[in-house]
1. List, please: which pairs have Cβ atoms under 8 Å, are six or more places apart or on different chains, and start with a residue in the stretch 153-175 that is without any contact (Cβ under 8 Å) to a residue 40 or more places away in the chain and end with one that is open to solvent by 30 Å² or more (accessible area, probe 1.4 Å) and of a type in the set (G, A, S)?
2. Within the stretch 173-195, can you find the residues that are surrounded by fewer than 14 Cβ atoms within 10 Å (Cβ to Cβ) and under 19 Å from the mean Cα position of the chain (by Cα)?
3. Give the stretch 77-87 a look and list any residue that's touching a Pro at 6+ places or on another chain (Cβ under 6 Å) and either among the charged types (D, E, K, R) or open to solvent by less than 40 Å² (accessible area, probe 1.4 Å) (or both), or say none.
4. Can you find even one residue in the stretch 128-136 that is open to solvent by 20 Å² or more (accessible area, probe 1.4 Å) and farther than 18 Å from P64 by Cβ?
5. Could you tell me whether the stretch 88-105 includes any residue that is assigned to a loop (DSSP other than H, G, I, E, B), out of contact with any Gly (no Cβ under 6 Å at 6 or more places or on another chain), among the charged types (D, E, K, R) and open to solvent by less than 50 Å² (accessible area, probe 1.4 Å)?
6. I need every pair where a residue in the stretch 185-203 that is aliphatic (A, V, I, L, M) has its Cβ under 8 Å from the Cβ of a residue that is not in a helix (DSSP H, G or I), sequence separation at least 6 or different chains.
7. Sort out which residues of the stretch 58-87 are part of a helix (DSSP H, G or I) and of a type in the set (S, T, Y), and write them in order of number.
Amino acid sequence: IQEHRTRIKESEKQEVIQNPTQDFCFHTHTQRCGHGAKDTGDEEWVQNAIKGGIKKIAFTDHIPLPDGINHKANSRMDTAEVDSYLKSIEYLQEKYKGKIEIESGFEFEYSDRDLEHLQELKSKTDKMVLGQHFVIDNNGREYGIARGNGGKQISDEILDLYSESIVSAMDKGLPDVIAHPDLFMQARDSFGAKEEEITREIC
């Protein structure tokens, strides 16, 4: 921790890091989702990205679910925030033109239920990042990709749905980027034959 703090202090003295590990960031959440950096505004993200040597940033906050579908608190923006989110990015694109490339986008979960909604929002943005945090079965039941009571791992059936959801989204041309495709391992006890099968399907 002390080494990390020292590194941060040193980096704050520099105007721009000349040799960053990577010079792009396509997985950026804002205050709107409720679990992004709560004290960092959109413009501050851009300023910090420039300082960090980033050449291209995509705002990809968690997509709102279609109207009328309940969602957990602090998990995604509200539908009412979409227009102001996109206008904020548009403003920053113009203001920082020539200094950094800025794109608009969303992080989303795929389900057939939401296809039309996802396609509509994709048409308004530059980048769609698929981060599959839940799956929906044929009966409309939703399952989180997270451990259950007592740390119980998700079932093989949910794991199959996870893979099928990601592959279906790719087949429909929705995502530009697949974020954390190995998320399912947080909800499994070990990496064995089934986990390898799922990994190969996604790859």
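The values are calculated or read from the model by the stated rules, or taken from the named source; none is laboratory data. Note that the structure is a prediction, hence the values are computed from the model and not measured. Cβ placement follows ideal geometry from the backbone for every residue including glycine, while neighbour counts extend to all protein chains displayed. Accessible surface areas use protein heavy atoms only, side chains included; no ligands, DNA or RNA. Shrake-Rupley method; radii C 1.70, N 1.55, O 1.52, S 1.80 Å.
1. Partner pairs satisfying both residue conditions: I154/A146; I154/G148.
2. Those that are surrounded by fewer than 14 Cβ atoms within 10 Å (Cβ to Cβ) and under 19 Å from the mean Cα position of the chain (by Cα): G173, D182, Q186.
3. We begin by selecting, within the stretch 77-87, every residue touching a Pro at 6+ places or on another chain (Cβ under 6 Å); these are 77-79.
Correct list: M77, D78.
4. no
5. The answer is no; no qualifying residue exists.
6. Partner pairs satisfying both residue conditions: M185/F191; A187/I145; A187/A146; A187/R147; A187/Q153; A187/I154; I202/I178.
7. T79, S84, Y85
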